[in-house]
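Enquirer: Questions regarding the structure given below will be posed in turn.
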Amino acid sequence: MPARQSTPAVTLLALGVVFGDIGTSPLYAVKETFSAEHGIALTHENVLAGLSLMFWSLMIVVSLKYVMLIMRADNRGEGGIMALIALATNAIRGQPHWRLPLLVIGVFGASLFYGDAVLTPAISVLSAVEGLEVGTEAFKPFVVPIAVGVLAALFALQSRGSEAVGTLFGPVTLLWFLAIGAAGVHGIVREPAVLAALNPLHALRFVMTHAVESFVVLGAVVLVVTGAEALYADMGHFGRRPVRIGWFGLVAPALVLNYFGQGALLIVDPQAVRNPFYLLLPGWALYPMVALATAATVIASQATISGAYSLTRQAVQLGFLPRMNIVHTSASTFGQIYIPSVTWILLAAVLVAVLGFGSSSALAGAYGVAVTATMLVDTLLAFFVVRYGWGYPLLLCLGATGFFILVDIAFFSATLLKVADGGWFPLVIGAAIFTIMLTWRRGRDILLERLRSSTVPIEPFLESLFRDAPQRVAGTAVFLTATPDVAPHALLHNLYHNKVLHERVVFLTVDVKNVPWVPLEERVTVRPLGNECYRVALQFGFMDRPDVWQALDEVCPTRGIAFDLMQTSFFLSRQTVIPVTGVEGGMALWRERMFAAMTRNSGSAVDYFNIPTNRVIELGTQVEI
């Protein structure tokens, strides 16, 4: 983001990316909250109570928790659950017994994000297109096919990047919020008494007198806060100030006005509950609003897809997923990436959701589970950041986060009532991703342990090697290794088969830190080992592109070691994992087989680290785990 851009310009850009998900909630949130399936009569008092629950959910969860508290927990300006995991685990260095539980909790929350990434495009686009059947029932058979077509086109365009149309996101989303705010005012004017819902007593009275029913309603009310996590996740792209200005200055007022406008319509005409968002509009505005809503939901979907790309890249960098083919779609804007495998897996899951559930109402039950679980994880991680990272007293930390934890637990528990009605869908997706992430992380740890146990320490090895040095040949040999303290297998194989050693030898290790960015000038450390052998360590942040050649070419000369590409050869070890039973410290056989399959199909280290392909020599080895 260019530094010269003013706060209003940045705020406009943030509208489409940050608020797309939560901004399209009016399409379905009111309809589901007052659904006849909940058994709550659409009386004047019940409508006020439902609106009060929605209003105070926005204020507590979004305004207080995310905008005021969690957005303060930035990792060098970056937000999102991966950044929060890094902050929390760094904060509890003096409490090592918390590291594994926090890691598991954080990975679980990150896994559930993929369930949200599937359901957001499905429910938002489907609910927008459903406006067609409000105009005439003749459109009803075409709603699902149109939604499928829109989604398929959206995913097909991902390979071209979103930069070309990204400049339209802000203005279109601005128009969307102005339109839904104006529609809300139109409804409120018809029944101004609806403004009484600002009083929280209506919500409290409803909860006290409708114990079970209120719990069911709460599971639908949570739809108004879907997308709140995006405010924190996308903070790094725009900064806290523009996000806060956008929320309090436009988004929150527009959402509240529209929710209250729909509530006013339900007081006047309870039959409008079948689709209060579109029925709130005057007849002439219906089809223009369907077009605008479709555009807004496509933008919300694009932001979610981009979020899935970003989270995947961070997970790969931090060692929770295998390397993938990551395509940078913009030469001028960092973060514009495209991951083919993620795109087509997401599209398949989204189409299964649309075709399987068939309507936004059916999807609404599935939607809340993943969202509320992720919110609960955010709050738990935030406690450790506030307590151990910021050093606040325990009682203050419990007060600051305990209330939000109770709210999150109430929402999550309420959505669990709909597990049988579709809530199982994001949970299955999350459980699958969770298993993959933990299996890959554990498998990599076991693999490194096996490699260390079968090799020798590098410095004693070099000392003994140069007592009777092999013939040395011109050029530089760079051995990539994940275990910098031991002799790489590729070096041992090269000596065994070729009986020569290059005149300069570099042992290169790439390390990803728990920070989003590492400045280029701080990425390289060089340690001489004697006899023209060097240990070079490259450090990247989890948001950096791990460009090995750039670091070697641009930074290493300032550390006293320069590289000539035409005189440099890169030696890589490629491990073939052999799952076996009965090996101490291993995993269950099915997990070992999964890890072996992921290893075979992981992306090329050459492409991932941007190493010139014509300068690479790969040497294989088999490792039993």
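Enquirer: So if we plug the beta-carbon distance of Met59 and Leu394 into 1/(1 + (r/R0)^6) with R0 = 25 Å, what FRET efficiency do we get, rounded to 0.05?
Expert: For Met59 and Leu394, the calculated efficiency is 0.40.
Enquirer: Taking the dipole about the Cα centre of the stretch 368-527, with the C-beta of Lys and Arg at +1 and of Asp and Glu at -1, give me whichever of Leu376, Trp517, Ile446 is farthest to the positive side.
Expert: Ile446
Enquirer: Relative to the Cα centre, what is the charge dipole magnitude of the chain, using +1 at the beta carbon of each Lys and Arg, -1 at the beta carbon of each Asp and Glu, and rounding to the nearest 20 debye?
Expert: Details: 39 positive and 40 negative charges, 151 e Å.
Value, rounded to 20: 720 debye.
Enquirer: In square angstrom, what is the accessible area per residue of the chain with a 1.4 angstrom probe?
Expert: About 40 Å² of surface per residue is accessible.
Enquirer: Separate question: Keeping the other protein chains in place, figure out the carbon and sulfur percent of the accessible area of the stretch 482-539, with a 1.4 Å probe.
Expert: 51 percent
Enquirer: Here is a follow-up. Per the Kirkwood definition applied to all pairs of different Cα atoms, how many angstroms is the hydrodynamic radius of the stretch 403-528?
Expert: Details: mean 1/r = 0.0514 Å⁻¹.
One decimal place: 19.5 Å for the Kirkwood radius.
Enquirer: Out of these labelled values of Rg/Rh (Cα atoms, Kirkwood Rh), (1) 0.98; (2) 1.06; (3) 1.03, which was calculated from the coordinates shown here?
Expert: Recomputing Rg/Rh (Cα atoms, Kirkwood Rh) here picks out (3).
Enquirer: Could I ask something else about it? If I fit a long axis through the Cα atoms of helix 360-384 and take the longest principal axis of the Cα atoms of the chain, what angle between them do I get, 0 to 90°, rounded to 10?
Expert: Roughly 60 degrees, rounded to the nearest 10.
Enquirer: With every protein chain in place, what's the accessible area of Thr558 (1.4 Å probe, Å², nearest 10)?
Expert: Thr558 exposes around 100 Å² with every protein chain in place.
Enquirer: For Val212, put the label point 7 Å out on the Cα→Cβ axis and report which residues of the stretch 411-441 keep their amide N under 19 Å from it.
Expert: Within reach of a label on Val212: 413-421.
Enquirer: Just to confirm the filter: which chymotrypsin sites (Phe, Trp or Tyr not before Pro) across the stretch 135-217 are DSSP coil and have at most 11 other Cβ within 10 angstrom of their Cβ?
Expert: Loop-located and lightly packed - none at all.
Enquirer: Compute the long axis of helix 99-129 from its Cα atoms, compare it with the longest principal axis of the Cα atoms of the chain, and write down the angle in degrees, 0 to 90, nearest 10.
Expert: Between helix and principal axis, roughly 50 degrees.
Enquirer: Hey, another quick one. How far, in degrees from 0 to 90, does helix 394-416 lean away from the longest principal axis of the Cα atoms of the chain, to the nearest 10?
Expert: For helix 394-416, the angle is close to 70 degrees.
Enquirer: Can I ask one more? How large is the dipole of the stretch 1-122 about the Cα centre if only Lys and Arg carry +1 and Asp and Glu carry -1, each at its Cβ, rounded to the nearest 20 debye?
Expert: For this selection, approximately 560 debye.
Enquirer: On to the next question. I want the local charge near Phe139. Using Cβ-Cβ distances under 14 Å, sum +1 for each Lys or Arg and -1 for each Asp or Glu among the other residues.
Expert: Around Phe139, the charge tally is -2.
Enquirer: Once label points are set 7 Å from the Cα along Cα→Cβ at both Ala36 and Phe403, what is their separation, rounded to one decimal in nm?
Expert: Going from the Ala36 label point to the Phe403 one covers 4.0 nm.
Enquirer: Taking 8 Å as the Cα distance limit and 6 or more residues as the minimum spacing, I'd like the relative contact order of the chain as a percentage.
Expert: Working: 1025 pairs, mean separation 125.7, N = 625.
Relative contact order comes out at 20 percent.
Enquirer: Here's another thing I want to ask about it. If I take R0 = 51 Å and measure r between the Cβ atoms of Gln550 and Glu584 in this structure, what FRET efficiency does the formula 1/(1 + (r/R0)^6) give, to the nearest 0.05?
Expert: In this case the efficiency is close to 0.80.
Enquirer: Give me the extension gain from Leu201 to Asp421: residue separation times 0.36 nm, minus the current Cα-Cα distance, reported in nm with one decimal.
Expert: 76.1 nm is the gain from fully extending Leu201 to Asp421.
Enquirer: Still on this structure, I have one more. Applying the Karplus parametrisation 6.51 cos²θ - 1.76 cosθ + 1.60 with θ = phi - 60° to the phi angles of the stretch 453-468, what ³J(HN,Hα) value in whole Hz is obtained for each residue in order, glycine and proline being reported as x?
Expert: Here the 3J(HN,Hα) series is 5, 9, 10, 10, x, 5, 5, x, 5, 5, 4, 6, 5, 8, 5, 9 Hz.
Enquirer: With each run of n ≥ 4 DSSP H residues scored as -39500 (n - 2.57), what mean residue ellipticity at 222 nm is computed for the chain after dividing by its residue count and rounding to the nearest 500 deg cm²/dmol? Kindly include the intermediate steps, with their values, before the conclusion.
Expert: On the way: 26 runs with 353 residues, N = 625.
Value at 222 nm, helices only, nearest 500: -18000 deg cm²/dmol.
Enquirer: Taking the alpha-carbon distance from Lys31 and a cut-off under 28 Å, which lysines remain once sequence neighbours fewer than 8 residues away in the same chain are dropped?
Expert: Lys65, Lys140, Lys418
Enquirer: Another one. According to the square roots a ≥ b ≥ c of the eigenvalues of the Cα gyration tensor, what is the shape class of the stretch 298-417, taking rounded for a/c under 1.5, prolate for a/b larger than b/c otherwise, and oblate for the remainder?
Expert: Oblate, because a/c is 1.5 or more while a/b does not exceed b/c.
Enquirer: Tally Lys and Arg at +1 and Asp and Glu at -1 over the other residues with C-beta under 13 Å from the C-beta of Tyr388: what net charge comes out?
Expert: Residues near Tyr388 contribute +3 overall.
Enquirer: Compute the signed sum of charges (Lys and Arg +1, Asp and Glu -1) over the other residues within less than 14 Å, Cβ to Cβ, of Thr581. Working shown, then result.
Expert: Working: positive: Arg591, Arg593; negative: Glu584, Glu592, Glu624.
Taking every Cβ under 14 Å from that of Thr581, the sum is -1.
Enquirer: A follow-up question, please. Just to make sure I understand: if all protein chains stay in place, what is the order of Ile123, Ile146 by accessible area at 1.4 Å, largest first?
Expert: Of Ile123, Ile146, the descending order of accessible area is Ile146, Ile123.
Enquirer: Return the long-range amide H neighbours of His502 (sequence gap of 5 or more, or a different chain), with a cut-off of under 5 Å between placed amide H atoms.
Expert: Val473
Enquirer: Here's a follow-up. Set the Förster radius R0 to 25 Å, insert the Cβ-Cβ distance between Thr136 and Val185 as r into 1/(1 + (r/R0)^6), and round the FRET efficiency to 0.05.
Expert: On the way: r = 27 Å, r/R0 = 1.08.
The calculated FRET efficiency here is 0.40.
Enquirer: Give me the extension gain from Val456 to Ser6: residue separation times 0.36 nm, minus the current Cα-Cα distance, reported in nm with one decimal.
Expert: Contour length minus Cα-Cα distance gives 156.3 nm.
Enquirer: When a/c reaches 1.5 or more, the comparison of a/b and b/c decides; with that in mind, is the stretch 1-104 rounded, prolate or oblate per its Cα gyration tensor?
Expert: oblate
Enquirer: Accessible area of Asp269, 1.4 Å probe, to the nearest 10 Å²?
Expert: Here the accessible area works out near 60 Å².
Enquirer: If you filter the stretch 507-566 for chymotrypsin sites (Phe, Trp or Tyr not before Pro), then keep DSSP loop positions with at most 13 other Cβ within 10 Å, what is left?
Expert: Loop-located and lightly packed - none at all.
Enquirer: When DSSP assigns beta bridges and you keep just the ones with both residues in the chain, what percent turn out antiparallel, to the nearest 5?
Expert: Values: 10 of 39 bridges.
Antiparallel: roughly 25 percent of the beta bridges in the chain.
Enquirer: Measuring from label point to label point, each 7 Å out along Cα→Cβ, what is the Asn325 to Val428 span in nm?
Expert: 2.8 nm
Enquirer: Right, here's the next one. Let me spell out the model: positive unit charges on the Cβ of Lys and Arg, negative unit charges on the Cβ of Asp and Glu, origin at the Cα centre of the stretch 426-555. What dipole size does that give, in debye rounded to 20?
Expert: Result for the stretch 426-555 is approximately 440 debye, rounded to the nearest 20.
Enquirer: What nm value, rounded to one decimal, do you get for the distance between Leu157 and Gln95 when each label is placed 7 Å out toward the C-beta?
Expert: Distance between label points: 4.7 nm.
The values are calculated or read from the model by the stated rules, or taken from the named source; none is laboratory data. Everything quoted here is computed from the prediction, not taken from an experiment. With ideal geometry, Cβ positions are generated from the backbone for all residues, glycine too; neighbour counts draw on all protein chains shown. Keep in mind that these areas ignore ligands, DNA and RNA; they rest on the heavy atoms of the full protein, side chains included. Shrake-Rupley method; radii C 1.70, N 1.55, O 1.52, S 1.80 Å.
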